[in-house]
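Enquirer: Quick one: this structure, given as structure tokens, is what I'll be asking you about.
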Ligand SMILES: [Zn+2]
């Protein structure tokens, strides 16, 4: 397989009607993927789907803001972590983007309590990943116009790195930070991944050109953010190719070089083969 989609949700209900057809198109396009869990039930679905399908791996974890009811259950997740193609923990992290909107509709009561809840979930998963020597698939989304969620994640990693060293590693999925934030994640040894948004928005070009070639991954984040020419439709891993093409163009490198480097990068961080 030539292309690696570092972050999709192929087990998601968006594909319940035609998942095997979507999987078949992915394989015909030469794409492999990691399907990402967002709570316990989704993580179990991801792990089961990966176990049954070549070219699919899974991560298990709890998204910071998708499921407000779920609490971290170490015992249940430890069982899932033993499944054969589970290659990471997440997506986990901090999402401050909707805090004010969620408070306005009564989904959360107050900002500080919600941040505490997210931090608690994130810190448990970070410890769990280090204990099990698995990489993290990280989700960070700051309040609009700020870098606040990234700042807080970096602060948490700063002290955790002293305890865990190289066991603490992974990828910042759907990276939307600037070069200053990118540099700080690089210093901690993390890679950053980019979605189909790069095919139609130019605001990430600067950070994409700034990053060294061994610290970049690509992803579809299917079923979300389909690249041009399928923008606005349901996304799927087979649409990985225009994202590679655009990334090669932005970085002024050959497609073959990007394919080789991305493969090396994803195999180094997540043990996919
Ligand atoms: Zn995701």
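The values are calculated or read from the model by the stated rules, or taken from the named source; none is laboratory data. Fair warning: this is a prediction, and the values are worked out from it, not measured in the lab. Cβ placement follows ideal geometry from the backbone for every residue including glycine, while neighbour counts extend to all protein chains displayed.
Enquirer: With the condition kept exactly as written, say whether any residue in the range 150-164 is under 26 Å from residue 252 (Cβ atoms) and either modelled with pLDDT under 95 or under 16 Å from the mean Cα position of the chain (by Cα) (or both).
Expert: no
Enquirer: Out of the residues in the range 241-267 meeting the condition of being out of contact with any helix residue (DSSP H, G or I) (no Cβ under 8 Å at 6 or more places or on another chain) and surrounded by 14 or more Cβ atoms within 10 Å (Cβ to Cβ), tell me which one is nearest to residue 169 (Cα to Cα).
Expert: Within the range 241-267, the match that is nearest to residue 169 (Cα to Cα) is 266.
Enquirer: Using beta carbons and a limit of 6 Å, which pairs, at least six apart or on different chains, have the first residue in the range 106-121 and at negative phi and the second one part of a loop (DSSP other than H, G, I, E, B) and surrounded by 16 or more Cβ atoms within 10 Å (Cβ to Cβ)?
Expert: Cβ pairs passing all conditions: 114/108; 118/64; 121/62; 121/72.
Enquirer: Let me ask you something else. Of the residues 32, 43, 65, which single one is within 18 Å of residue 173 (Cβ to Cβ) and away from the ligand (no atom under 16 Å from the Cβ)?
Expert: 32
Enquirer: Can you tell me which of (1) touching a residue at least 24 places away in the same chain (Cβ under 8 Å); (2) away from the ligand (no atom under 14 Å from the Cβ); (3) over 14 Å from the mean Cα position of the chain (by Cα) is the one residue 97 doesn't meet?
Expert: (2)
Enquirer: Also, I was wondering about something else. Within the range 206-229, is even one residue out of contact with any helix residue (DSSP H, G or I) (no Cβ under 8 Å at 6 or more places or on another chain), under 29 Å from residue 242 (Cβ atoms) and surrounded by fewer than 15 Cβ atoms within 10 Å (Cβ to Cβ)?
Expert: Checked against the condition, which is being out of contact with any helix residue (DSSP H, G or I) (no Cβ under 8 Å at 6 or more places or on another chain), under 29 Å from residue 242 (Cβ atoms) and surrounded by fewer than 15 Cβ atoms within 10 Å (Cβ to Cβ), the range 206-229 yields no hits at all.
Enquirer: Would it be correct to say that residue 189 is within 25 Å of residue 100 (Cα to Cα), part of a loop (DSSP other than H, G, I, E, B) and in contact with a helix residue (DSSP H, G or I) (Cβ under 8 Å, 6 or more places away or on another chain)?
Expert: No: the conditions fail for residue 189.
Enquirer: Does residue 115 meet the test of being touching a helix residue (DSSP H, G or I) at 6+ places or on another chain (Cβ under 6 Å), away from the ligand (no atom under 16 Å from the Cβ) and either farther than 20 Å from residue 210 by Cβ or not in a loop (DSSP other than H, G, I, E, B) (or both)?
Expert: no
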